[in-house]
Structures are given as structure tokens and as C-alpha cells.
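The values are calculated or read from the model by the stated rules, or taken from the named source; none is laboratory data. Only a predicted model underlies this, so the values are computations on that prediction, with no experimental measurement involved. Note that we place each Cβ from the backbone using ideal geometry, even for glycine, and neighbour counts take in every protein chain shown. Calculation scope for accessible area: heavy atoms of the full protein, side chains included, ligands and nucleic acids excluded. Shrake-Rupley method; radii C 1.70, N 1.55, O 1.52, S 1.80 Å.
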Amino acid sequence: MKEKKLLLFFALALILFGLGYVLSNSIFFDLCSQTEYACRELFNRIGDPLFYGGAALSLVFLILLFIPHAFQKWKNFAIWFVPLATLLFVFYPDPGSGDFLSPAPEQLFQWVSALYVLVSLGIIVRSKFKK
């Protein structure tokens, strides 16, 4: 039963990843024209977090499909990390100067997603070797 749930979560994460890709490339998919700056910015602001977050979630759920007994330990971490990351993505001010102390939003999305994957992998590997 847990494997079916993980497979569903993996599929949903892939859908988020794909939706993020489409929104982030709104000109390529003819959602906005090149002259519509506000449209492109809106879709990028929504699409970038979905793209990077969906990729991170997809990777973690794919690994959890092979190590399902680690799900409960990982879930305890994800329950607080994902909502906090979502709030950070939603309320992060637009754009910083791009340096280390005020990164551009896309850079922040990449860092938070990479941190999520690294900590998730650590929890999964630790759970795998503890069992």
C-alpha cells in the first residue's frame, strides 16, 4: 500500500515539475509574447518554484520507491520543510541584487531545493543503514 502512495506522490511531483517547466518557458509554449513582460514575470514567478520544487520532490519520491521503509522518517522532516519552503518561495521579495546575501529568486529556489534533496537523502540513507 505504501508503494502505491509513493507512486502517486511521484506522479504528482512529476506533474508539478512539468507544469513548472511549461510556465517557466511561457514564450516557447506561446502562453506569453516576448513583449508581455508582466505575463512572463508572473509565469516565471509561479513556474520556477514548481520546476525546482517538483524536480526535488520527484527525485526524493523516486528514491523512496526503492527504500519505502524510510518514508516515515523522511515524512517527519518533509512535514515541516515543504510548507516553510513554500512560504519562502511565495513571499520572497523580487529580485535581489544576485549576490550571496540577497540572491535572485531563481537562485534561492535552486538552493532550497538542493538543501531539501541533500537532507532528504541523508535521512533516507541513515534510515536504510539503521534497519
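May I ask you to list the residues in the range 13-34 that are farther than 24 Å from Leu65 by Cα, surrounded by 14 or more Cβ atoms within 10 Å (Cβ to Cβ) and either small (Gly, Ala, Ser) or in contact with a Pro (Cβ under 6 Å, 6 or more places away or on another chain) (or both)?
Listed by number, the residues that qualify are Ser24, Ser26.
So in the range 19-78, with the set limited to residues that are among the β-branched types (Val, Ile, Thr) and closer than 21 Å to Leu108 by Cα, which one is modelled with the lowest pLDDT?
Ranking the candidates gives Ile46 first.
Yes or no: the range 39-50 includes at least one residue that is of a type in the set (Phe, Trp, Tyr) and open to solvent by less than 40 Å² (accessible area, probe 1.4 Å).
no
Would you please list the contacts, defined by Cβ atoms under 6 Å and residues six or more apart or on different chains, that run from a residue in the range 65-89 that is open to solvent by 70 Å² or more (accessible area, probe 1.4 Å) to a residue that is part of a helix (DSSP H, G or I) and among the hydrophobic types (A, V, I, L, M, F, W, C)?
What qualifies is Lys73/Ile123.
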